[in-house]
Each structure stands twice: as structure tokens, then as C-alpha cells.
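Remarks on the structure that follows.
The values are calculated or read from the model by the stated rules, or taken from the named source; none is laboratory data. If you're wondering where the values come from, they're calculated on a predicted model, not measured in any experiment. Don't worry about glycine lacking a Cβ; one is built from the backbone with ideal geometry, like all the others, and counts go over all protein chains shown.
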Amino acid sequence: MNCDPENSAAVPAETLTPGTLRVALAQIAPRLGDRHQNLELHEQQIAAAREQAADLVVFPELSLTGYFLRDMVPEVALDRASPEINRLIAAAGPISLVAGFVEEGAGHQFYNSAFYVEAGSILHVHRKVYLPTYGLFEEQRYFSPGKRFQAFQTARFGRVGIVICEDFWHVSSATIMQAEEIDVLLCIINSPARGVSGPRIATAETYELLARTFSQLLGALVIVVNRVGFEDGLCFFGNSMAVGPDGRIIAQAPQFDEALTLVDCDLAELRRERLITPLGRDEQLLMTIEELRRIKRRRYES
Amino acid sequence: MNPDLGAAGLVINPELVAEILTRFVRNEIHRTGFRRAVFGLSGGIDSSVVAYLVVRAMGPENVLAVTMPYKTSSEETRRDSAAVVADLGMQTLDVPITPQVDAYVAAMPGITQMRLANKCARERMTVLYDQSAAFEGLVVGTSNKTELLLGYGTQFGDLASAINPIGDLYKTQLRQLADYLGVPAAILNKAPSGDLWVGQTDEGELGFSYDQVDRLLVLLVDRRWQPAQAVRAGFDAEFVDRVVRMVRRNQYKRRLPVIAKLTNRTMDRDFRYPRDWGT
């Protein structure tokens with residue numbers, strides 16, 4: 001595992017101000033369907049992140065199981081109180097943690113979920129809302145959709161929102177997260193490479209475009225964590241990144257290789273950016289709600 | 001390189017593609033518990049590209065290139081294979097298939113040229129799979145996207161493999177990759193041939209060039225054009241019709257045999273696990 005030399009230990013841990021968030025982007029290659037081995041991989045990464053004084057370690061979508069599970073979905077599912085997740089909570093200790101898992105909910109429904117741990121307990125679980133079922137994707141065959149994009153208040157990093165992969169391709173997630181007044185958007189993904197005609201992988205370029213656009217429109221810090229490795233010929237390309245509220249890329253993990261990339265994010269940038277471009281302040285949320293009500297009547301009630 | 005391949009949507013970034021495919025080969029071989037690779041080397045562009053990719057991925061000492069000439073195989077085939085081997089330094093094994101094929105042919109009077117060509121392809125497959133066991137290497141496939149779509153290959157013959165790094169690249173794209181990887185110019189420039197019989201060329205047998213058909217396939221398959229759209233854009237209607245029928249007629253070669261369904265869980269229908277299950 002490498003750590004980004006530009007960002008690791010850029011500021012010694014003891015001199016960090018409370019407004020600086022040191023994030024560890026855990027760009028791993030989970031083993032398909034092998035929860036046990038993936039759990040150990042998570043523990044190693046969490047330990048390395050703690051050694052480097054990270055405040056938050058973020059793993060990719062379905063980091064505990066791998067992606068192309070198909071009929072393995074019920075076989076690798078966990079509930080939120082499972083011993084495996086408790087092991088990770090214990091491993092995180094004082095730092096915060098985001099990881100992806102197959103969640104078995106009430107009524108034996110399965111969700112593509114992510115949990116956020118703070119101070120030794122789960123603060124929030126996001127269930128992926130938009131389940132792609134086209135092209136190479138078949139998530140609706142296996143998963144139930146989540147029903148909300150809900151932000152949550154953290155002790156140190158302000159209001160945080162989580163989206164999972166395809167959620168990030170829908171402006172509804174961005175609109176709701178803006179209305180939720182988030183400071184940090186965590187986007188965990190499993191994006192396979194497609195499009196090899198240009199200088200970069202086309203899907204990697206699209207993710208960068210989305211991250212830069214959403215960070216600027218929301219005036220928020222956007223953290224995207226992708227995985228690497230192969231499953232059934234799919235090449236997950238990595239390129240995890242942190243994007244500042246001005247749309248500037250602060251750090252980027254390597255393409256194709258596993259890496260634990262540390263990045264120091266200055267939360268004071270949020271204030272500066274919102275002074276310069278106060279888009280959130282000027283947003284007419286009530287008008288949006290009324291317009292959506294009108295559209296609801298036209299499209300669903302007439 | 002044809003300058004307007006870019007407009008046709010057939011240009012690739014060969015450096016990026018080589019990187020992905022090299023990692024793919026290494027990952028797929030390692031995850032199945034193997035450390036080595038076996039493939040059939042014909043001296044054509046497809047198997048030469050595979051040679052360069054597999055050597056990059058595994059190192060020459062872990063790669064076995066098997067040449068399997070039949071008595072009608074050309075001198076050019078032997079010479080071009082030797083050039084690739086000399087350049088890459090991998091292990092090689094020459095297994096002429098004439099004795100076993102001719103023993104069969106002697107018992108089958110009136111065997112057609114096509115049956116003989118398929119027999120040779122399947123004979124080579126049995127050699128490769130036996131060498132896979134002997135060398136403890138995974139069989140790497142050498143069929144490209146154009147061939148897979150047109151069904152221009154022998155089922156359970158040259159289409160058989162454990163992993164295929166080049167199956168999502170059209171022939172015109174493989175040429176770009178071959179050029180980048182340093183495949184010898186003699187191989188890049190010669191007319192593609194399965195060397196199925198003396199003087200056989202793919203394009204002579206198919207009746208159209210790879211350049212022509214790739215331009216059509218990329219529209220029909222990748223961009224999901226309707227055949228009529230392609231005709232309106234200037235492609236010959238008969239050509240379009242023929243290609244569409246070839247793609248449809250050969251679907252069976254790209255799938256497992258059809259299994260009669262009797263239960264709730266039938267292979268490849270609702271018993272759905274990834275190929276990489278458990279690896």
C-alpha cells in the first residue's frame with residue numbers, strides 16, 4: 001500500500017486545527033464474495049489510516065463483499081448488528097469510518113448499503129437509491145432500492161451525506177443533498193472501466209466531471225472512493241479523489257493500483273467558497289418544492 | 001493506420017488498453033491459482049498480440065507458446081511465429097497435428113475443406129488443453145471481437161479458452177494495439193489468414209475486408225444503430241443484411257448449450273454466479 005507523498009503527513013497530526021479533516025481514501029481490491037478476507041483487509045487499512053492520524057477512513061461501495069455477486073447476494077448479507085461490523089467499529093476506535101456492505105433488512109430484503117461509524121457506533125446507514133439495471137449492471141434483480149437521501153450531523157465534520165455510485169449520476173441526489181445543507185459528500189463507488197479511445201478511461205473522466213461539478217454546485221467537499229481489481233473481466237479503475245468546494249481536485253489516488261491515500265481537507269475552505277459563491281444561500285428551496293408538487297400532480301395524479 | 005478510423009469510432013488508446021489487458025491476464029491467472037499461461041501461436045496478428053500481452057503479464061518463463069502446424073500450413077506461418085518467439089523469449093513447443101488429423105481424414109473419405117479446417121482447429125484445442133495440464137498454465141484465447149460477432153471461428157476449436165484478453169477489440173483495433181506492442185511489421189502488414197488451406201485469406205473467404213465490416217459492426221453493436229440507419233448512412237444494403245444475419249446466426253457459438261428447463265435453478269439462467277465465483 002502506498003500513500004500519496006504529496007498529501008500524507010503534509011501537516012503533522014499534532015498541528016492540525018479542528019477545522020482540518022484528514023481523510024484516508026482506502027482504494028482496495030476486495031475479494032469477490034469472501035467476507036472473511038475482506039474484513040481482514042479492512043482492519044489492516046483502518047490500522048494504517050490510524051497510524052497516519054486519519055480522522056476518517058472511507059472504503060468503496062460493497063467493500064466487504066466485492067461487486068459482481070449475483071446469486072451470492074443473500075449468502076454474503078449482514079445486518080447492522082452483525083459481529084463483523086462490530087469488529088470494524090472496534091478497529092476504527094476514535095476515528096470515523098465508512099464501508100460498503102450487503103445489508104439484509106426487515107422482511108429479508110437486501111440493500112446495497114454503506115454505514116458511517118463515529119465514536120464507536122453507527123451514526124448513519126445509506127441504502128443505495130438508484131440501482132442500475134442496464135448494460136452490464138443488474139442490481140435491481142438482487143437489491144431493493146433505498147428510499148431517501150438523508151444527511152446527518154457529525155461531531156467534527158459538519159453535515160455529511162453519503163451516496164453510492166449510480167446515486168451520483170442523478171441530480172436528485174445532489175439537489176436533496178444541497179437542501180440538506182451538507183458540508184461533505186461521501187461518494188463510494190465500484191466503477192468499471194469503459195471507453196478506451198481517449199487519453200483517459202471514459203468512465204474515469206465522467207466521475208471526475210461529476211465530482212467537480214457537484215462540489216462546485218453544492219459548495220461542499222466531495223470525496224469519491226473507487227475500488228481496483230477485476231471481476232469477470234470488469235476492470236475497476238480506482239482514481240479515488242478528494243475535490244474541494246471550488247471544484248479543484250485536492251488529491252487523487254492512482255489508476256488501477258491499491259492505495260491508501262491521505263488527504264488533508266481544510267474545512268475553512270467551505271466558508272471561503274460560500275462567501276465567494278453563495279449558491280446554497282440563494283437556492284429557492286420552497287419554489288423547488290412547489291414546482292415538484294405541481295409536476296407530481298401533472299405526472300402522477302392526473 | 002487508416003486516418004479516419006477515429007471518425008468511425010474505432011480508434012483506441014493502445015497504451016491504456018495494453019495496461020488494462022496486461023493486468024487482466026495476470027489477475028485472472030493468479031486468482032484461479034495458476035502462475036502460467038498457454039496459448040496457440042499461429043504467427044497471425046491475434047495470437048501475436050496475445051503473446052506480447054501474456055509475456056508482459058507473466059514473464060517469458062511462465063508462458064508456453066504452442067505451434068501446431070498441419071502439412072498445408074505455410075512457411076510464412078512458421079517464419080512469423082519464430083520472429084515473435086525470438087523477440088519475446090518465451091517457452092515454445094511444436095506439435096505438428098498432421099499425423100492425428102490425417103489418420104482421421106483417411107477414415108473419412110469425401111471430407112470437405114470446411115470439415116477439415118474445423119477438425120484441425122479442434123485438434124489444436126485438445127493439444128492446448130493437454131499442454132495446459134502439463135505446463136500447469138491457463139489457456140489464453142485469441143479470438144477478437146470481429147470474429148466472435150461474425151462467428152468466424154470453430155466452436156470448441158479456436159473459440160475455446162479459459163480467458164480471452166482480446167475478445168472486446170475489433171480487428172482494426174487489434175492492429176493499433178499490435179503496432180504499439182511491437183509486433184513484427186511482417187505480421188502487421190500481411191493479409192489475415194486462418195491458414196486453413198493453401199492461399200486462404202480471411203477477407204477472401206468472408207468477401208469483405210475487416211476495415212469495412214468493423215466500421216459497420218461498431219455502429220450496429222456498440223452504437224446500437226438499426227440496420228436501416230446504416231444503409232441510409234451509405235452502407236450497401238446487401239452487405240448490411242449479410243452481416244446482421246451472420247451475427248444473429250452465430251449467437252449459439254457465444255453461449256453455453258441450451259438447457260431444457262425443468263427446475264427453479266437452471267445453469268446460466270437462474271443459477272447465476274459470476275465466472276470468478278470463489279476466486
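Summary table below
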item: The lone exception for A:S144 - which of (1) among the hydroxyl-bearing types (S, T, Y); (2) more than 14 Å from every other protein chain (Cβ to nearest Cβ); (3) in a helix (DSSP H, G or I); (4) crowded, with 16+ Cβ neighbours inside 10 Å it fails; result: (3)
item: Set B:D236, B:D241: member being surrounded by fewer than 22 Cβ atoms within 10 Å (Cβ to Cβ), touching a residue at least 12 places away in the same chain (Cβ under 8 Å), out of contact with any Gly (no Cβ under 7 Å at 6 or more places or on another chain) and not polar (S, T, N, Q); result: B:D241
item: Some residue of segment B:41-59 being touching a residue at least 12 places away in the same chain (Cβ under 8 Å), of a type in the set (D, E), in contact with a Leu (Cβ under 7 Å, 6 or more places away or on another chain) and surrounded by 15 or more Cβ atoms within 10 Å (Cβ to Cβ); result: yes
item: Residues within segment B:1-30 that are part of a helix (DSSP H, G or I) and within 8 Å of chain A (Cβ to nearest Cβ), tallied; result: 8
item: Where B:V101 falls short, out of the listed (1) in contact with an Asp or Glu (Cβ under 7 Å, 6 or more places away or on another chain); (2) within 14 Å of another protein chain (Cβ to nearest Cβ); (3) not charged (D, E, K, R); result: (2)
item: B:F135 touching a residue at least 60 places away in the same chain (Cβ under 8 Å) and aromatic (F, W, Y); result: yes
item: Top-ranked residue of segment A:225-240 - restricted to ones that are facing chain B (nearest Cβ under 8 Å) and under 10 Å from A:G66 (Cβ atoms), ranked as surrounded by the fewest Cβ atoms within 10 Å (Cβ to Cβ); result: A:G229
item: Scope segment A:25-78; condition over 18 Å from A:A253 (Cβ atoms), polar (S, T, N, Q) and crowded, with 24+ Cβ neighbours inside 10 Å; matching residues; result: A:N38, A:T65
item: Test set (1) modelled with pLDDT under 95; (2) of a type outside the set (D, E); (3) buried (at least 17 other Cβ atoms within 10 Å of the Cβ) - B:L256 fails condition number; result: (3)
item: Enumeration of residues in segment B:209-247 that are in contact with a Pro (Cβ under 8 Å, 6 or more places away or on another chain) and not charged (D, E, K, R); result: B:Y210, B:L220, B:V240, B:V244
item: Residue count, segment B:161-191 (criterion: modelled with pLDDT under 95 and crowded, with 20+ Cβ neighbours inside 10 Å); result: 0
item: Contacts under 7 angstrom Cβ, first residue in segment B:78-98 being under 11 Å from B:L41 (Cβ atoms), partner polar (S, T, N, Q), 6 or more apart; result: B:S81/B:S42; B:S81/B:T67; B:V84/B:S48; B:V85/B:T92; B:T92/B:T67; B:L93/B:Q131; B:D94/B:T67
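So that you can scan it fast, the table gives a plain yes or no per residue for (1) modelled with pLDDT of 50 or more; (2) acidic (D, E); (3) assigned to a helix (DSSP H, G or I):
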| residue | (1), (2), (3) |
| --- | --- |
| A:D4 | no, yes, no |
| A:A10 | no, no, no |
| A:P18 | yes, no, no |
| A:A26 | yes, no, no |
| A:P30 | yes, no, no |
| A:N38 | yes, no, yes |
| A:L41 | yes, no, yes |
| A:A47 | yes, no, yes |
| A:R50 | yes, no, yes |
